Amino acid sequence: MPALEPGKIRNVAVVGHRGTGKTSLVEALLFQAGDVNRLGTIEAGTTVTDWDEDEHKRQMSISLSLAHTSWQGRKINLVDCPGDPSFQGEARCALRVVEGAIVVVSAVMGVEVGTSRVWKIAGDLGLSRVVAVNMLDRERADFFRALEQLQSQLSPKCIAVHLPIGAEHELTGIVDVLHMCAYTNPRGAKEGDPVAIPDDMVGLAQEYREKLLDEVVQTDEALMERYLEGEELDAHALAAALKLAVTRGELFPVGCGVAKDNLGTHALLDLLVEGVPSPAKKGAPMGSADADTCAFVFKTLADPFAGRINIFRVVKGTVTTESTLFDLRERAKERMGSLLQLQGKTNTPAKEFGEGDIGAVAKLKDVQTGDMLLDHETPIEVPMFGFPEPVMSFAITPKAKGDEDKVASAIRRLAEEDPTLYLRRDPQTGEEILSGMSQMHVEVALERAKRRFGVDVDLHPPRVPYMETIRGQARAHGRYKKQTGGRGQFGDCHIVIEPIEGGTGYEFLDQIVGGVIPQSFRPAVDKGIQEAMQQGELAGAPVQGVRVRLVDGSYHTVDSSEMAFKIAGSMAWKDAYLAASPALLEPIMELEVTVPDEAVGAVNGDLNSRRGRLLGMEPASGMTTVKAEVPMAELLTYSQSLTSMTGGRGDYAMHFLRYEEVPTHVAQKVIEDTRKAREAANA
Ligand SMILES: Nc1nc2c(ncn2[C@@H]2O[C@H](COP(=O)(O)OP(=O)(O)O)[C@@H](O)[C@H]2O)c(=O)[nH]1
Ligand SMILES: [Mg+2]
């Protein structure tokens, strides 16, 4: 079978707030189109796209997962994305390679933090968006209230194309106002052919069809003329105009249903085919490459059986099992010999993937997420994912001593699969720091490391990387003298230390006149001071922002040595440092918290108690973003607090701003704690 033409493909990411039914919806779409015979459930762990052990255990999606189906002769690639902010890196990967997104919202909850977040990302990428209002069967579900929220909070151009018949437990089906028909099949069964709209729904259906028409014709002048001349527009003409408007991001069709019971999937599949652009219509999402064949790897996964699998989107040309492509990052050639078609965890061998299609390949050596594969070696621009910065950091230590290297290499492998996971060694505290999007994110990664690579680690809050500096000037004398028979030791120096404007760095000025210390020993003084500065006298933190002037000293022709001057330097340093008003510095973070309006008071009060300084607040339709500067030391456990203050509806990001002096009463405690820890270590 030859590769599909791009016009016959739809690439759609299924995104939204967590728990809105995305995975259930993908399952239902596959069921409706005949790809699975039984509707799997989250509870039983039997869905196609939540196939991972961790996903079953937590009953939520953790990794993006690929599925595909065919409807009206089109191949629809569905990328089921996790909604939890911990795993938003996955959704960002998926959104890079699709033309369209189904944004799933709950008919009970309406627009949530995760909805707004992903709406914005998809909008920035210029993606066509369809909204699916799910869970119409739940108590307090209200399609029309959700619709209003979509219009006021996301875009006034969210326009209903499907309507519920009844509500909550009296829901009996849905109406498709694009085709003016209805679906009223029994719960959980496959939806059959459309039926006539029930009598008591005809009026409402007509009202919404008019609204739809009004919106659509506004985007198309020719159609507008025909419409104003009183011409009856058929579903075909309407769909064509709708698709154009959706492609250009001028309209956002809103459908509805009950994913868990396979209600609304027939009309939604129709909408994906008729209303969402194909790769041919929209052009490659990552720009065009000056190559005949080009594929972009947007996810690497470690399959327990097939080994490493890379999921890619064909940007240009056709990728076949005969293709040998060049990896731009690795600057190495790879043969695409083991192409796979993925359906959740099930993979079947494939011969080729045409332009615009999404496929997978096993057995590549070094290819990873974010790589571009080309048929020639000329560099081209590779799109950036724009991953969010990690917000939670933990210090990790292996449970078994001596496992450090094994742990680091296991976690590095995981980080290749998940670019929102970072492992680094803090040069200051010496700790291995693992950072991610949340505590859960880091914990999931460690569970995987344990299962796959057999490494077991403990997590601790990381130590805050304090710094020390001086506020004043001081002069001190350091003299090291040991003359007890045989060759002795003699070093003697006078130094002046003072703050450097700007508060960073270190300078050493040699101001010795008349050779009172020979040239050859002066660097030793510098060295001794620099070593001593690694552990400041206040809290054992490195000292920065100091200029040292070596101004005077003396020496002994026989007993002086580099070692003696090093020690003399460090002795002078200690005295000078304590006399120069030393100060403790802490990292200050810029924090951006997005919460429902009603939680703003609690969040601000809490930030206040964390020594935060409010920078501003930006309300945006029901959600407010609070910006503040907060010391890192106060944010080590922020995510748990935010979750409890907002019932899980809050979202935050932070990044390092600068170092600042720790207020006296707090500094005293840090200094005291350090002293106790040192004593305990020495005891
Ligand atoms: N009542 C009801 N429950 C649903 C519906 N769709 C999904 N669920 C349930 O909602 C929960 C979250 O579903 P899931 O598909 O994992 O949501 P996701 O996080 O968006 O992928 C699960 O317990 C599902 O069984 C629906 O239409 N109605
Ligand atoms: Mg899911």
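Results, tabulated for the structure shown:
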item: Segment 82-125 - Rg over Rh from alpha carbon coordinates, Kirkwood radius; result: 0.95
item: Compactness of the chain, expressed as Rg and Dmax over alpha-carbon positions, Å; result: 31.8, 116
item: Aspartates and glutamates whose Cα lies under 18 Å from that of LYS481, excluding same-chain neighbours fewer than 8 positions away; result: ASP492, ASP552, ASP559, GLU562, ASP575
item: Accessible area of the chain divided out per residue, in Å², using a probe of 1.4 angstrom; result: 43 Å²
item: Set of lysines with alpha-carbon distance to LYS401 below 27 Å, sequence-local pairs under 8 removed; result: LYS450, LYS676
item: Over segment 367-474, volume per residue of the alpha carbon convex hull, in Å³; result: 192 Å³
item: ³J(HN,Hα), Karplus 6.51/-1.76/1.60, whole Hz, each residue of segment 618-633, x for Gly, Pro; result: 10, x, 8, 6, x, 10, 10, 9, 9, 10, 8, 9, 9, x, 4, 4
item: Solvent-accessible area, 1.4 Å probe, carbon plus sulfur percent, for the chain; result: 51 percent
item: Under the Debye formula (equal points on every Cα, no solvent term), log10 I(q)/I(0) of segment 1-137 at q = 0.16, 0.17, 0.21 Å⁻¹; result: -0.79, -0.89, -1.32
item: Placed amide H near LEU509: partners under 5 Å, 5+ positions off or other chain; result: VAL548, ARG549, LEU550
item: FRET efficiency, 1/(1 + (r/R0)^6) with R0 22 Å, evaluated for THR321 and GLU5 via beta carbons; result: 0.65
item: Karplus-derived 3J(HN,Hα), 6.51/-1.76/1.60, for each residue of segment 120-134, Hz, glycine and proline x; result: 5, 4, 5, x, 4, 8, x, 7, 6, 10, 10, 9, 10, 8, 9
item: Distant-in-sequence amide H partners of ILE197 (H built 1.01 Å from N, under 5 Å); result: ALA182
item: Pairwise label distance in nanometres, ASP597 with GLU377, each label 7 Å out on the Cα-Cβ vector; result: 6.1 nm
item: Translational diffusion of segment 107-197, µm² s⁻¹ [Kirkwood Rh, Cα pairs; Stokes-Einstein; 37 °C; 0.692 mPa s]; result: 229 µm²/s
item: The chain, relative contact order [Cα under 8 Å, separation at least 6], %; result: 10 percent
item: Normalised contact order of segment 583-683, rounded percent, pairs of Cα under 8 Å and 6 or more residues apart; result: 40 percent
item: Nearest 10 degrees, 0 to 90: helix 562-579 Cα axis against the chain principal axis; result: 70 degrees
item: Förster radius 51 Å - calculated FRET efficiency between SER621 and ALA683 (Cβ-Cβ, nearest 0.05); result: 0.30
item: Proximal lysines to LYS482, defined as alpha-carbon separation beneath 19 angstrom and excluding residues fewer than eight positions away on the same chain; result: LYS566
item: Value of [θ]222 nm, deg cm²/dmol, for the chain, DSSP H segments ≥ 4, -39500 (n - 2.57) each, nearest 500; result: -9000 deg cm²/dmol
item: 14 Å beta-carbon shell around LEU325, net charge (K/R +1, D/E -1); result: -2
item: Spin-label pair SER609/PHE385, simplified geometry with 7 Å Cα→Cβ offset, distance in nm; result: 3.6 nm
item: Contour minus Cα-Cα distance for TYR422 and LYS120 (0.36 nm per residue); result: 106.2 nm
item: Cα pair distances of segment 438-554 binned at 10 Å [whole percent]; result: 11, 30, 20, 14, 12, 11, 2
item: Stretch in the chain that is longest and holds no chymotrypsin sites (Phe, Trp or Tyr not before Pro) that DSSP places in a loop and that have at most 16 other beta carbons within 10 Å; result: 1-304
item: C-alpha center-to-center spacing [segment 490-530, segment 39-117] in angstrom; result: 62 Å
item: Stretchable slack from ARG452 to ARG658, in nm (0.36 nm times residue separation minus alpha-carbon distance); result: 70.3 nm
item: Segment 463-473 - phi-based ³J(HN,Hα) in whole Hz, Karplus 6.51/-1.76/1.60, Gly and Pro as x; result: 6, 6, x, 5, 10, 10, 8, 10, 9, x, 9
item: Mean-position separation - Cα centroids, segment 611-683 and segment 559-583, in angstrom; result: 35 Å
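The values are calculated or read from the model by the stated rules, or taken from the named source; none is laboratory data. Please read all numbers here as calculations on a predicted model, not as lab measurements. All Cβ positions, glycine included, derive from the backbone under ideal geometry; neighbour counts span all protein chains shown. Surface accessibility is based on the protein's heavy atoms, side chains included, excluding ligands, DNA and RNA. Shrake-Rupley method; radii C 1.70, N 1.55, O 1.52, S 1.80 Å.
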